[in-house]
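The values are calculated or read from the model by the stated rules, or taken from the named source; none is laboratory data. Since the model is a prediction, treat every value here as computed from it, not as a measurement. Note: ideal-geometry Cβ built from the backbone for every residue, glycine included; neighbour counts use all protein chains shown. Side chains included, ligands, DNA and RNA excluded: accessible areas come from the protein's heavy atoms. Shrake-Rupley method; radii C 1.70, N 1.55, O 1.52, S 1.80 Å.
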Amino acid sequence: MTKEQLKDIIEWDIVNWSKAIPFWKKHSNISNTTNLKCLELGGRKGGLSLWLALKGHQVICSDLHSPEKDAKPKHLKHKVENKVNYQAISATEIPYKNELDVVAFKSILGGICRNGQDELKQQIVDEIYTALKPKGQFIFAENLKSSWLHQFFRKKFTNWGAEWNYLTINEIEHLVSKFSSFNYQTVGFWGTFGRNEKQRNFLGKIDNWFEKIIPNKMHYIVIGVAEK
């Protein structure tokens, strides 16, 4: 994978969020199976759709409103446009039943469920479960509640920090309890404090050294693979 591809797949805070890719490759069928039918939820710019299409899979790139205008130029750039189609899909009402091999998203639950709409979290995960075929896989990366320091700075310095619905590991384990298996990893501590991508990349490299000695509950990203 080239640096340009990685940048276009992950889009922001690349050092930490890109740790999802080797984890997904290890715990899913993405790399050792061809021509899977995949759905990216919340794919405004189509990053995960690009990754899945580069792996040779057929991908539905979706968002609440069709993301074609924003996502298609990226897919054309990397010559995977024949692998991707675009649809308007709400994560709370997925129009597929036992049809998909993979459903993927990155950092959408907190936004959809903002302002304390906790009931939507389970609704979204249940919709994903229903959309997947038996043995289908749900792959995701999501923001965690993390430490008191993260919570303070988000509320003070992030426009949506007070509204965003950050998750805990216990909550995520409960949300995917219907699945037959669930593997996850938590990463990142300092990276999110960067105010621009250069700062986030620098702090992400510091995280590469220190995150193993920081408790999981204080990390700010969870990466998961759940199998139906």
Q.
I'd like to know if the range 131-143 contains one or more residues that are within 17 Å of the chain's Cα centre (by Cα), open to solvent by 50 Å² or more (accessible area, probe 1.4 Å) and either more than 19 Å from residue 174 (Cβ to Cβ) or not hydrophobic (A, V, I, L, M, F, W, C) (or both).
A. no
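Take residue 151 and decide whether it is touching a strand residue (DSSP E or B) at 6+ places or on another chain (Cβ under 9 Å) and either open to solvent by 10 Å² or more (accessible area, probe 1.4 Å) or not basic (Lys, Arg) (or both). It would help to see each step written out before you state the result.
Values: touching a strand residue (DSSP E or B) at 6+ places or on another chain (Cβ under 9 Å): no; either open to solvent by 10 Å² or more (accessible area, probe 1.4 Å) or not basic (Lys, Arg) (or both): yes.
The answer is no for residue 151.
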**Q.** Test result for residue 106, touching a helix residue (DSSP H, G or I) at 6+ places or on another chain (Cβ under 9 Å), of a type in the set (Lys, Arg) and surrounded by 14 or more Cβ atoms within 10 Å (Cβ to Cβ)
**A.** yes
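For every residue, the table says whether it meets (1) open to solvent by 10 Å² or more (accessible area, probe 1.4 Å); (2) of a type in the set (Gly, Ala, Ser); (3) over 16 Å from the mean Cα position of the chain (by Cα).
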site	(1), (2), (3)
4	yes, no, yes
9	no, no, no
22	yes, no, no
32	yes, no, yes
37	yes, no, yes
50	no, no, no
55	yes, no, yes
58	yes, no, yes
Q) Residues in the range 144-173 that are at pLDDT below 95 and part of a strand (DSSP E or B): how many? A) 1
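Out of 99, 68, 127, I need the residue that is of a type in the set (Asp, Glu), open to solvent by 20 Å² or more (accessible area, probe 1.4 Å), at pLDDT 95 or above and farther than 28 Å from residue 178 by Cβ. Which one?
None of the others qualify; the one that does is 68.
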Q. Does residue 189 count as open to solvent by less than 40 Å² (accessible area, probe 1.4 Å), closer than 21 Å to residue 108 by Cα, in contact with a strand residue (DSSP E or B) (Cβ under 7 Å, 6 or more places away or on another chain) and part of a loop (DSSP other than H, G, I, E, B)?
A. no
